[in-house]
Amino acid sequence: MEFTINKDYFFQAVSHVSKAIESTKTDSILAGIKITAGADRITIVGCNSTFSIKKQIPTKFNGTEQLQIYRAGTVVIPAKHLLELLKKLPDEITMKMQKDFLVTLNATGISIHIKGLNPEQYPALLEINENSKISITITSSKLIGILKSTMYAASNTITKPVLTGIMFSFQQDQLTCTATNSHRLAYRRMAINSNVNTCCIVPKSALNELLKLLSHDELQVNITITDHEILFSTSTFHFHTRIIDGKYPDVTSLLLGDAKTIVTIHRKQLLQGIERANFFAKNSRNNNIHFELLPDFTLKISSKSTEIGDIKEIQSITSLQGENDVNITLDGQLLIDVLKVMKEDEISIRFNGSLKPVLIQPVDETYHKHLISPVRTK
């Protein structure tokens with residue numbers, strides 16, 4: 001293997017795939033990235049026990065030559081060492097593999113040798129069976145939007161593995177994503193070009209890394225699903241991860257039904273008030289913030305801290321439907337998370353008593369819903 005490449009392109013690609021490298025695997029083949037030089041491109045792969053990232057650098061990009069390949073071949077190089085060296089090298093680099101996987105990096109007046117590893121020991125990536133695969137296409141901006149709207153609600157603990165993932169449900173021309181940790185729930189439905197009916201649970205940790213690779217450009221993302229893995233691919237990278245085994249909880253009933261009280265309010269105004277109240281509440285066990293509808297049709301937000309003091313704030317509301325009887329305590333941080341992922345100016349909050357979950361959604365919309373369980377104070 002031998003090629004000459006622009007340092008910036010190479011460093012960017014190596015940086016991206018290194019997101020899949022586990023820092024604790026310093027003595028493992030998984031601490032390395034696999035570099036393969038082919039006829040018209042080099043392929044760079046990083047992987048761990050959950051997901052893998054594959055980037056390809058063609059010899060020409062947007063009409064500009066950025067890579068010259070002299071000899072094909074494959075090698076695995078420790079990712080940490082390669083990244084640190086690339087930061088310190090000038091613009092053009094020649095990489096050459098010699099005997100016993102010894103790799104030479106040459107730049108102007110510089111020669112570096114790195115001990116590589118046998119690529120045959122590197123894990124094989126997902127192989128798609130063309131006869132059994134399920135494939136969907138979506139724009140990157142839509143995928144970013146639906147992930148950011150829901151991922152925050154997934155669990156960060158592995159007590160219930162299925163709750164550490166996001167439920168992808170594909171139906172005719174529709175994608176629904178759902179995430180919950182038992183205390184909060186996020187639901188988003190979106191129209192896409194799809195003629196399949198299937199579902200799978202995708203790890204939140206993997207999707208966090210996928211988001212870093214995606215851009216807001218209108219790139220096409222191909223989603224390929226097998227029995228145990230899901231592959232997201234674009235013209236510049238492939239990202240595949242395992243699917244979490246298990247049955248996701250049926251949350252449909254939680255998102256349906258009439259509310260006793262529906263309050264319409266400005267989202268930013270409410271967010272700012274909750275952030276102020278959360279300053280006093282964040283030292284309590286559940287970031288307790290109290291909400292009460294007053295007789296003059298205003299909303300009272302309050303919290304207190306034994307160490308700092310307390311706060312009371314009265315906010316106007318846009319409209320009220322149903323009973324003028326709201327007296328409930330909620331986790332302030334959970335509310336902040338919801339209001340930050342929503343983008344609408346006005347939202348509706350649906351109350352069903354002090355012990356029932358609160359449903360938050362855009363006004364007159366049902367495609368985007370968030371549910372928060374109340375805090376029991378007695």
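Rg and Dmax of the stretch 1-156, Cα atoms, in Å?
So, for the stretch 1-156, Rg and Dmax equal 17.3, 53 Å respectively.
So, for the chain, what is the accessible surface per residue at a probe of 1.4 Å, expressed in square angstrom?
Spelled out: the 1.4 Å probe surface of the chain, per residue, equals 50 Å².
Can you compute the equivalent ellipsoid semi-axes for the stretch 245-378, i.e. the square root of 5 times each eigenvalue of the Cα gyration tensor, sorted largest first and rounded to whole Å?
23, 19, 15
Counting Lys and Arg as +1 and Asp and Glu as -1, each charge on the Cβ, what is the dipole of the chain about the Cα centre in debye, to the nearest 20?
700
In sequence order, what are the phi-derived ³J(HN,Hα) couplings for the stretch 90-106 according to the Karplus relation 6.51 cos²θ - 1.76 cosθ + 1.60 with θ = phi - 60°, rounded to whole Hz, with x for glycine and proline?
x, 5, 10, 10, 10, 10, 9, 9, 10, 5, 6, 6, 7, 10, 10, 10, 10
Which log10 I(q)/I(0) values does the stretch 216-308 give at q = 0.11, 0.12, 0.18 Å⁻¹ under the Debye formula, counting every alpha carbon as one identical point scatterer?
Normalising to I(0) and taking log10 leaves -0.73, -0.80, -0.91.
At each listed q (0.21, 0.23, 0.25 Å⁻¹), what is the log10 of I(q)/I(0) that the Debye formula gives for the stretch 102-203 modelled as equal alpha-carbon point scatterers?
Debye curve over Cα of the stretch 102-203, log10 I(q)/I(0) at q = 0.21, 0.23, 0.25 Å⁻¹: -1.09, -1.21, -1.30.
Once you've got the GNM for the chain with C-alpha springs shorter than 10 Å, pick whichever of SER155, SER140, SER316 has the biggest mean-square fluctuation.
SER316
Show me, for the stretch 270-286, the HN-Hα J-couplings you get by feeding each phi into the Karplus relation (A = 6.51, B = -1.76, C = 1.60, θ = phi - 60°), rounded to Hz, glycine and proline as x.
5, 4, 5, x, 5, 4, 5, 5, 5, 4, 8, 8, 5, 8, 7, 4, 10
When the chain is modelled as a GNM with alpha-carbon springs shorter than 10 Å, which of THR159, THR329, THR178 fluctuates the most?
Evaluated over the chain, the most mobile residue of the options is THR159.
Classify the stretch 180-243: rounded, prolate or oblate, from the alpha-carbon gyration tensor (a ≥ b ≥ c, eigenvalue square roots; a/c under 1.5 rounded; otherwise prolate if a/b is larger than b/c)?
Rounded.
Taking the Cβ of SER155 as the centre, find all other residues whose Cβ is under 12 Å away and add up their charges (Lys, Arg: +1; Asp, Glu: -1).
It works out to a net charge of +3.
For the stretch 304-378, with only Lys/Arg (+1) and Asp/Glu (-1) charged at the beta-carbon, what is the dipole magnitude about the Cα centre, in debye rounded to 20?
Value, rounded to 20: 340 debye.
At a Förster radius of 51 Å, what calculated FRET efficiency corresponds to the Cβ-Cβ distance of SER253 and LYS80, to the nearest 0.05?
Efficiency at R0 = 51 Å is approximately 0.55.
Per q in 0.09 Å⁻¹, report the Debye log10 I(q)/I(0) for the chain, using one uniform scatterer on each alpha carbon and no solvent.
-0.65
How much net charge surrounds PRO58 when only the other residues with a Cβ under 14 Å from the Cβ of PRO58 are counted, with Lys and Arg +1 and Asp and Glu -1?
Result for the local shell: +2.
Using a/c under 1.5 as the rounded threshold, could you call the stretch 37-128 rounded, prolate or oblate? The axes a ≥ b ≥ c are square roots of the C-alpha gyration tensor eigenvalues, and prolate needs a/b larger than b/c, oblate otherwise.
It comes out oblate by the Cα gyration axes.
Relative to the longest principal axis of the C-alpha atoms of the chain, give the angle of the C-alpha long axis of helix 332-341, reported between 0 and 90° and rounded to the nearest 10°.
Helix 332-341 sits roughly 60 degrees off the main axis of the chain.
Pick from CYS47, CYS177, CYS199: which residue has the top mean-square fluctuation in a GNM of the chain where Cα pairs under 10 Å get a spring?
Top of the fluctuation ranking is CYS199.
The values are calculated or read from the model by the stated rules, or taken from the named source; none is laboratory data. Predicted, not measured: the structure shown is a model, and the values here were computed from it. Reconstructed Cβ throughout: ideal geometry from the backbone, glycine too, with neighbour counts over all protein chains shown. Keep in mind that these areas ignore ligands, DNA and RNA; they rest on the heavy atoms of the full protein, side chains included. Shrake-Rupley method; radii C 1.70, N 1.55, O 1.52, S 1.80 Å.
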